[in-house]
Structure formats: C-alpha cells, structure tokens
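The values are calculated or read from the model by the stated rules, or taken from the named source; none is laboratory data. Computed from a predicted structure; not experimentally measured. All Cβ positions, even for glycine, are placed from backbone atoms using ideal geometry, and neighbour counts span all protein chains on display. Ligands, DNA and RNA are excluded from the accessible area calculation, which covers all protein heavy atoms including side chains. Shrake-Rupley method; radii C 1.70, N 1.55, O 1.52, S 1.80 Å.
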Amino acid sequence: MNMRRSVIIGTGSYLPERVLTNEELSTMVDTSDEWIVARSGIRERRIAADGELTSDLATKAAQAALDAAGLQPDDIDLVLVATATPDETFPATATTVQKKLGMTRGFAFDLQAVCTGFIYALATADNFVKCGQANRALVIGAETFSRILDWEDRTTCVLFADGAGAIILEASEEEGTNQDRGVLTSHLHADGNHHDLLFVDGGPSSTQSTGYLRMAGREVFKHAVNNLASVVGEALEATGLETDDIDWLIPHQANKRIIDGTGRKLKMPSEKVVVTVDRHGNTSAASVPLALDEAVRDGRIKKGDLLLLEAMGGGFTWGSALVRW
Ligand code: UT7
C-alpha cells in the first residue's frame, strides 16, 4: 500500500571560523591535550564570534541545504530549529531564521531536547509531513554552547562547542516497504528523573538569568551507552531490518568512546561510522546534522543507503531514526 514518506532532499551545515584547540584550552584551565583526546576523542572545536548568534549559524546551514535541494526559501512550509541555546527567550529562533532567509510564509517554532534535539525535530517534522500539514520542512540543529559554558569548569568546557546543521524534508509517495526512501521509523524517549545529571543552572522562570551547563559526566556516560544501545535496537526491531542492512551509523558526537561502544554493540565496522567529534566537539543538537552533511558532501552516503541516526542528552532524552537516502 502506498505511503507518504519524508525524504531528505538536501543537507547543509555551518561552523564558526574560530578554532579552539586542546593546547589553547590547556592555557585556560588545568587540562591537557592528552587527557581530552584520551577521554573524549576531541582535538579541536569551533567557537562563535562575538555577536554571532545561533540564528546566524542556523541561517547559513539552512541556506546551504536550500541550495543543495535547489529550492527557494518560500518553497518551505515549516521551519523547525532544535536548540538549547536560542538567541532570546522568545520569540523562537526559528522565526528569526525564517526572517533572515527572507521567507514570507510558512510556520516556524523551536524544539528543546538538548543533544537529542535533532532526532526529536526530525521525528516531529516527519509527522507533520506524513499527516499532510507540511509538504516541505526545513529541520535545523543549531547551538552556541560556548555561551552557556563555565569556562573555569574543566569537566565541561573542554567538551562542548558551536555549530549548525540542516536538512530539507519533502513529501514523497513511496510503496510502504522498508526499501522506501525517507524516514522509515523514529523512536523517542525521555526520563525527567535524571535532571540533576545534566542541566543548566539558570533560566527565565527560576533565576531570571541564563546559567551554566552542569554535568555529572561519568553517570551520563553510563546511561548514554545503555540508552543508545536499546533505542537503536528498537529501530531495527520496528522495521525488521538488521545491523548488516545499515550502511552508515550517524551518532550524536559527544564522546568517541560512546560512539565506539555503540558501534561495537551493533558489530559495525568503524568505516561505517561517521565521526566528527575530533574536530567539532559536542555541538548538542547540531552534531548529527553536521555529521550527516559531511558524509553526504564527501560522497560517502549514496542513494539507497540506510542511515541510522541516534542521540542522547539532557532530560534525559534519547532517540533514534532510520532513514533511507
Ligand atoms: O551530549 C550529552 C551527553 N553527554 C555525554 O554523553 C557526556 C558523557 N560523559 C563523558 O563523555 C565522560 O564522562 C567525560 C569525557 C565527561 C569524562 O570522562 P571520564 O572518563 O568519565 O572521566 P571522569 O569524569 O571519571 O574523570 C576522571 C578524572 C577525575 O579526576 P579524579 O577524580 O580521578 O582524580 C577528574 O577530576 O579526570 C579529571 N578531569 C580532568 N582532568 C584533566 C575531569 N576533567 C578533566 C580535564 N582535564 N578537562
């Protein structure tokens, strides 16, 4: 039976120019290149310039995705920005991106699921497309985490960074099998009981300030490995597909050891795992679309390939999606 699916027809990304290396960080806090590489796999990351906002990064990534798809901004019905670092408390950064792109139509909103934000946004936009409320959706993950880091806390400031990635989803009539192009399945989870392990200690309602990121890294690590393994299994079970069917694992880029752990559990050879954490650090909601865009543009991902996307973050939130390219 024919089925309406959301097919990714373009990707784009943007990284700020400024590169912050581990060596430079080790002049700011008591750390070393050796420790950061061994514990996280990160070698360098990008930091937004003064006055460069989440919406600026998002707009550049979005424009690249529009160009890749051969579309104009007004061809888009929905702009969805996944971010934990919006320009302002309101309006939604998505409406600022809409304006910066020169769009005069459509609807736009932000979505907050921290590092799982892009997977949540992909699933949300997919549902808008599948139910017919949108034909084309611009889905963006964009962050300026440098603005919510405590630059004196060595346990967090060496890990997170800035960037943006974007995709365009378009409705397509497919056959309704797991050979279809587009989003085949998505699985979302949350458990608010783990708030204290990863949060920002400020906000409009609590402190009337922005606050700083706080993380119990070792605890988050353990949950990440378990939650990611289970949500990845869920995606395969739902579609009847197997590990061998997956061409590319595109994981959230928090820590190379977590990525390797998930790859090992899936028995996926490392050549099939897209890794950017060494150069990007943890860009939260931007990390999956940044990695996806890199592997699309360098020609690794080809039409018909099966992609497994996954992420885990504050909340906790976690999720996965299977997408046929
Ligand atoms: O994206 C959202 C999800 N986030 C994640 O998935 C992050 C999950 N967590 C992690 O990636 C890892 O837990 C970290 C990279 C944050 C830390 O690695 P770890 O192997 O869990 O190290 P640890 O926290 O157990 O710390 C080991 C030691 C500690 O010293 P003691 O107590 O053993 O004496 C820390 O104080 O390393 C120390 N340490 C540092 N040393 C040098 C912590 N941060 C640093 C640092 N440089 N930057």
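Results, tabulated for the structure shown:
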{"item": "Inter-residue pairs, beta-carbon under 7 Å, first in contact (Cβ under 8 Å) with a residue 12 or more places away in the chain and part of a helix (DSSP H, G or I) and in region 53-79, second open to solvent by less than 30 Å² (accessible area, probe 1.4 Å) and of a type in the set (Asp, Glu), 6+ apart", "result": "Thr54/Glu143; Leu57/Asp162"}
{"item": "Residue match in region 66-81 (condition: at pLDDT 95 or above, of a type in the set (S, T, N, Q) and under 18 Å from Ala285 (Cα atoms))", "result": "no"}
{"item": "Output for region 125-141, where each listed residue is over 18 Å from Thr185 (Cβ atoms), open to solvent by less than 10 Å² (accessible area, probe 1.4 Å) and out of contact with any Asp or Glu (no Cβ under 7 Å at 6 or more places or on another chain)", "result": "Leu138, Ile140, Gly141"}
{"item": "Some residue of region 1-8 being surrounded by fewer than 18 Cβ atoms within 10 Å (Cβ to Cβ), within 16 Å of the ligand (Cβ to nearest atom) and in a strand (DSSP E or B)", "result": "no"}
{"item": "Residue selected from region 300-325 under the condition open to solvent by 10 Å² or more (accessible area, probe 1.4 Å), in a strand (DSSP E or B) and not hydrophobic (A, V, I, L, M, F, W, C), by the criterion nearest to Glu170 (Cα to Cα)", "result": "Arg324"}
{"item": "Filter result for His195 (within 16 Å of the ligand (Cβ to nearest atom) and either touching a residue at least 40 places away in the same chain (Cβ under 8 Å) or in the same structural domain as Ser40 (by TED's automatic domain parsing) (or both))", "result": "yes"}
{"item": "Residue check for Asp293: closer than 21 Å to Ala64 by Cβ and not in a strand (DSSP E or B)", "result": "yes"}
{"item": "Only one of Ala142, Ala224 that is within 14 Å of the ligand (Cβ to nearest atom), at pLDDT 95 or above and under 30 Å from Trp325 (Cα atoms)", "result": "Ala224"}
{"item": "Any hit, region 263-278, residues being at positive phi, touching a residue at least 24 places away in the same chain (Cβ under 8 Å) and either within 13 Å of the ligand (Cβ to nearest atom) or not assigned by TED's automatic domain parsing to the domain that holds Arg46 (or both)", "result": "yes"}
{"item": "Hey, Ala229 more than 28 Å from Phe109 (Cβ to Cβ) and either within 16 Å of the ligand (Cβ to nearest atom) or touching a residue at least 24 places away in the same chain (Cβ under 8 Å) (or both) or not", "result": "yes"}
{"item": "Close pairs from region 239-252: first assigned by TED's automatic domain parsing to the domain that holds Lys272, partner of a type in the set (D, E, K, R) and open to solvent by less than 30 Å² (accessible area, probe 1.4 Å), Cβ under 7 Å, at least 6 apart", "result": "Asp247/Asp305; Trp248/Asp305; Pro251/Glu310; His252/Glu310"}
{"item": "Residues of region 15-69 satisfying the condition of being near the ligand (Cβ under 10 Å from one of its atoms), of a type in the set (A, V, I, L, M) and surrounded by fewer than 14 Cβ atoms within 10 Å (Cβ to Cβ)", "result": "Ala38"}
{"item": "Candidate set: region 218-260, residues that are out of contact with any helix residue (DSSP H, G or I) (no Cβ under 6 Å at 6 or more places or on another chain) and under 23 Å from Asp201 (Cβ atoms); chosen: the one least open to solvent (accessible area, probe 1.4 Å)", "result": "Ala254"}
{"item": "Pairs, first open to solvent by 10 Å² or more (accessible area, probe 1.4 Å) in region 142-169, second more than 15 Å from the ligand (Cβ to nearest atom) and among the β-branched types (Val, Ile, Thr), C-beta under 6 Å, six or more apart", "result": "Ser146/Ile47"}
